[in-house]
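Student: Please see the structure below; I have some questions.
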Amino acid sequence: MSHDAFIQALAQAHQQAAAPLPGPGFCLLAEQLLNLLFPERAERPLRNADAVAATLGIWQDDLTTLLLAVQTPQPAAELAADCVANLPILRDMLLLDAEAIVAADPAAEGITEVVATYPGFYAIALHRFAHGLYQRGVPRVPRLLSEYAHQRTGIDIHPGARIGRSFCIDHGTGIVIGETAVIGAHAKIFQGVTLGALSVAKHLQGIKRHPTIEDHVVIYAGATILGGNTVVGSHSIIGGNVWLTESVPSHSRVYHRAQIQVTRAEDPAADISFSI
Amino acid sequence: MSHDAFIQALAQAHQQAAAPLPGPGFCLLAEQLLNLLFPERAERPLRNADAVAATLGIWQDDLTTLLLAVQTPQPAAELAADCVANLPILRDMLLLDAEAIVAADPAAEGITEVVATYPGFYAIALHRFAHGLYQRGVPRVPRLLSEYAHQRTGIDIHPGARIGRSFCIDHGTGIVIGETAVIGAHAKIFQGVTLGALSVAKHLQGIKRHPTIEDHVVIYAGATILGGNTVVGSHSIIGGNVWLTESVPSHSRVYHRAQIQVTRAEDPAADISFSI
Amino acid sequence: MSHDAFIQALAQAHQQAAAPLPGPGFCLLAEQLLNLLFPERAERPLRNADAVAATLGIWQDDLTTLLLAVQTPQPAAELAADCVANLPILRDMLLLDAEAIVAADPAAEGITEVVATYPGFYAIALHRFAHGLYQRGVPRVPRLLSEYAHQRTGIDIHPGARIGRSFCIDHGTGIVIGETAVIGAHAKIFQGVTLGALSVAKHLQGIKRHPTIEDHVVIYAGATILGGNTVVGSHSIIGGNVWLTESVPSHSRVYHRAQIQVTRAEDPAADISFSI
């Protein structure tokens, strides 16, 4: 392709590009929302109810403006008002998540620390906000928010995933939760866990492809659980690095059997050239 | 060491430090390049061919200036011109990558979403740009770009790795692809996959230490494939969490055998004190 | 909850919020410290000893000011002076870490590249700084710094972890090292390794919950090692994706036994519909 032809091809692509999404604007709004709901995160808490009301009003206006740039099923102003009306429930849900993290992690000093610094809290907070927009049929923005959280935390939760209350993510790097996953209440999930699809073919769009995790399940680091028909029964424990593609009943314990072998080197010097 | 001696030691280190690399400048250039090639990512698409040509010209000038700060085998202006001349091919390769991601992921809505938000696309895009500089013998900059992409995506591809067309990374957090890895066309790789070195000794610098993955191979989450002599034959499928250090022929399926054991607790209350 | 009641509840939360932590200030200080100690990272090295002394003096003043916002056991000025007095030892430790990375990674070109771009170096550098504050009883700040490093690198080291000299992290995404882990000298740890807790109950706060790794141990990608009583003896090698919850003696090699099965498809066309 000649340089001129390339310029023309690029120009055509730029002219045909979909209306740009105000991505940084939405991410900033999400951050502002967390700071408003959880002053432990804010650099400067608000002084009184008037300041809170004013800040919330500006936030709603900004959200309305940004939503005008997206093709939403509802009018933007109505959608933004809906979001604001839902904030008390969102905040209560997130407080339950933070409490679940504090209860489960001996290293956590309290709600303040979890809300201000834990990536698992950040990821579930952005997910619950993005999931609300996803449920209301807002295109593109939910995924943009989930990728923003993914970039910051290494935790990749598709905004379509349905996650019950008191959800505890610990550490979290490498977690992947797919679009049609369903997770019950009081689940606890460690770093590197995948709740993914068994086979991945484009025609499966719209079908449940990811597992169901019932209440009070614990899944340890690096476990991979796949398939839309896979159900992990309530109160089950899935051990680390397990590869699970079928259902297990309630109160199951799934773990590696005899998976390791320990060899003591007769001649310690031999270790030096050892290769796994 | 006394405070004064420490100050002197630091001052000496500062005086001896290699010419600083304009790191943020190169990362910004990479972002600008992606926005130019893929207006779906840009906040403001360019209006016409003149704007595209002008933007590309400025980009080439900026690249030349930055390359002057690095010891390049070719003159900086010549190298920058080479890069620009190669952009049509780079763009075509990246479109094939984006199409491969769309085709494989039922959750992907289309090229626009993949290009604008998928970390796997971002990582392969920066890799292909960095690999071009690596092939031309540019020091330090390729690795700087790959670490920038690693920081943003959790995907760590050494700029030396050779990756065929229509490469699909899904999710991607925790992927590591080593310097001498070779990957064929139409490969698909999930989060947490390592294509690494078997034994790691400094004298192996320059020798092929990382595996070869042939065409149409799928590697599921968390698989670890090691060694410079390890070849995964075409159309093979490597299951999740597999640890593979030897070659497998074409059309192989490699997976865990009987790796899990399910125990149903007789007394559900016993679960509470259960520890893995 | 009515909108007004929600506003009142938020206002109350804002009024009760703990004094905000100057988080961005501490993160900036940590970056400035690394640039001061390792001019290979700096965009502009300092010209002479006077410039170094002045920069260090300003850094100490800024640290003092920030520490005034935190409830520290020592007076802030005394604590900051202690930190500065400890910098020569910190720098020597970090140089040993960088040298260990260079020695172990055939792809590393030298100290300059490791210090400037390797996330493993960045993570251990921030850890050693944060651990110093943790040992001196500074609240909240150490964890804030470790989460900052976690966000940038995907490497999650609790500031309480005790890590010996010449520590080598390669790649690193997904590594988790718990609060009470103890690691000897010359350890080498790859991406996705967890040194975690066996059972996680809040009342275990303050008890050793994470493993001890003795000198010269190598732990490959994705291994999960759990438990406060688990000791990995010196010179041991832990293979990738291993799940280890008990002690192993010195010079052990722990790896998966017969974990994979290779099936060659009789009819290659059958692969197309294959699902793991």
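The values are calculated or read from the model by the stated rules, or taken from the named source; none is laboratory data. Nothing here was measured: the structure is a model prediction, and the numbers come from that model. No Cβ is skipped: glycine too gets one built from the backbone with ideal geometry, and neighbour counts run over all protein chains shown.
Student: Hey, residue A:274 hits all of (1) modelled with pLDDT under 85; (2) within 25 Å of the chain's Cα centre (by Cα); (3) not β-branched (Val, Ile, Thr) but one; which does it fall short on?
Tutor: Only one criterion in (1) modelled with pLDDT under 85; (2) within 25 Å of the chain's Cα centre (by Cα); (3) not β-branched (Val, Ile, Thr) is unmet by residue A:274, namely (2).
Student: I need the full set of residues from the range B:220-236 which are under 17 Å from residue B:189 (Cα atoms), more than 8 Å from chain A (Cβ to nearest Cβ) and not in a strand (DSSP E or B), in order please.
Tutor: Correct list: B:223, B:230, B:233, B:234, B:235, B:236.
Student: Criterion first (at the interface with another protein chain (Cβ under 8 Å from one of its Cβ atoms), modelled with pLDDT under 95 and touching a His at 6+ places or on another chain (Cβ under 7 Å)) does residue A:239 satisfy it?
Tutor: yes
Student: Determine which single condition residue C:164 fails, assuming it passes every other condition in (1) within 20 Å of residue B:174 (Cβ to Cβ); (2) out of contact with any helix residue (DSSP H, G or I) (no Cβ under 6 Å at 6 or more places or on another chain).
Tutor: It fails just one condition, (1).
Student: So, one more: So residue B:215 clears everything in (1) touching a residue at least 12 places away in the same chain (Cβ under 8 Å); (2) among the acidic types (Asp, Glu); (3) assigned by TED's automatic domain parsing to the domain that holds residue B:77 except one condition, right? Which one?
Tutor: Among (1) touching a residue at least 12 places away in the same chain (Cβ under 8 Å); (2) among the acidic types (Asp, Glu); (3) assigned by TED's automatic domain parsing to the domain that holds residue B:77, residue B:215 violates only (3).
Student: Take the residues in the range A:163-186 that are part of a strand (DSSP E or B) and touching a residue at least 40 places away in the same chain (Cβ under 8 Å); name whichever of them is farthest from the other protein chains (Cβ to nearest Cβ).
Tutor: A:169
Student: So which pairs qualify, if the first residue must be in the range B:140-157 and outside the structural domain of residue B:189 (by TED's automatic domain parsing) and of a type in the set (Val, Ile, Thr), the second must be surrounded by fewer than 22 Cβ atoms within 10 Å (Cβ to Cβ) and outside any helix (DSSP H, G or I), the Cβ gap must be under 9 Å, and the two must be at least 6 apart or on different chains?
Tutor: Listed pairs, sorted by first residue: B:141/B:70; B:141/B:72.
Student: Being part of a loop (DSSP other than H, G, I, E, B) and at pLDDT below 95 is the filter; apply it to the range A:203-219 and report the residue that is surrounded by the most Cβ atoms within 10 Å (Cβ to Cβ).
Tutor: Per the stated criteria, the residue is A:209.
Student: Are any of the residues in the range B:77-95 aliphatic (A, V, I, L, M), exposed (fewer than 15 other Cβ atoms within 10 Å of the Cβ) and more than 30 Å from residue A:208 (Cβ to Cβ)?
Tutor: yes
Student: Which ones in the range B:135-146 are surrounded by fewer than 21 Cβ atoms within 10 Å (Cβ to Cβ) and not in a loop (DSSP other than H, G, I, E, B)?
Tutor: The one that is surrounded by fewer than 21 Cβ atoms within 10 Å (Cβ to Cβ) and not in a loop (DSSP other than H, G, I, E, B): B:135.
Student: Turning to a different aspect of this structure: Which of (1) crowded, with 19+ Cβ neighbours inside 10 Å; (2) modelled with pLDDT of 90 or more does residue C:200 not meet, given it meets every other one?
Tutor: (2)
Student: A further question on this structure: Which of (1) farther than 30 Å from residue A:154 by Cα; (2) more than 11 Å from chain A (Cβ to nearest Cβ); (3) of a type in the set (Gly, Ala, Ser) does residue B:132 not meet, given it meets every other one?
Tutor: Of the numbered conditions (1) farther than 30 Å from residue A:154 by Cα; (2) more than 11 Å from chain A (Cβ to nearest Cβ); (3) of a type in the set (Gly, Ala, Ser), the odd one out for residue B:132 is (1).
Student: A follow-up question, please. In the range B:203-217, how many residues are among the aliphatic types (A, V, I, L, M), within 17 Å of residue B:186 (Cα to Cα) and more than 17 Å from the chain's Cα centre (by Cα)?
Tutor: Number of matching residues: 1.
Student: Looking at the structure I just gave you, is residue C:193 modelled with pLDDT of 95 or more and either within 27 Å of residue C:23 (Cα to Cα) or β-branched (Val, Ile, Thr) (or both)?
Tutor: Yes: the conditions hold for residue C:193.
Student: Which of the residues spanning the range B:147-162 are part of a strand (DSSP E or B) and touching a His at 6+ places or on another chain (Cβ under 7 Å)?
Tutor: Once the filter is applied, which keeps residues that are part of a strand (DSSP E or B) and touching a His at 6+ places or on another chain (Cβ under 7 Å), the range B:147-162 yields B:156, B:157.
Student: Follow-up. Using the structure shown, decide if residue B:63 is closer than 18 Å to residue B:24 by Cβ and either touching a residue at least 60 places away in the same chain (Cβ under 8 Å) or surrounded by fewer than 17 Cβ atoms within 10 Å (Cβ to Cβ) (or both).
Tutor: It is false that residue B:63 is closer than 18 Å to residue B:24 by Cβ and either touching a residue at least 60 places away in the same chain (Cβ under 8 Å) or surrounded by fewer than 17 Cβ atoms within 10 Å (Cβ to Cβ) (or both).
Student: Among residues belonging to the range C:248-271 that are farther than 17 Å from residue A:240 by Cα and at pLDDT 70 or above, point out the one that is farthest from the other protein chains (Cβ to nearest Cβ).
Tutor: C:250
Student: Out of C:116, C:100, which single residue is more than 11 Å from chain B (Cβ to nearest Cβ) and surrounded by 23 or more Cβ atoms within 10 Å (Cβ to Cβ)?
Tutor: On inspection, the qualifying residue turns out to be C:100.
Student: Tell me which residues, restricted to the range A:104-149, are basic (Lys, Arg) and closer than 25 Å to residue C:143 by Cβ.
Tutor: Across the range A:104-149, the qualifying residue is only A:128.
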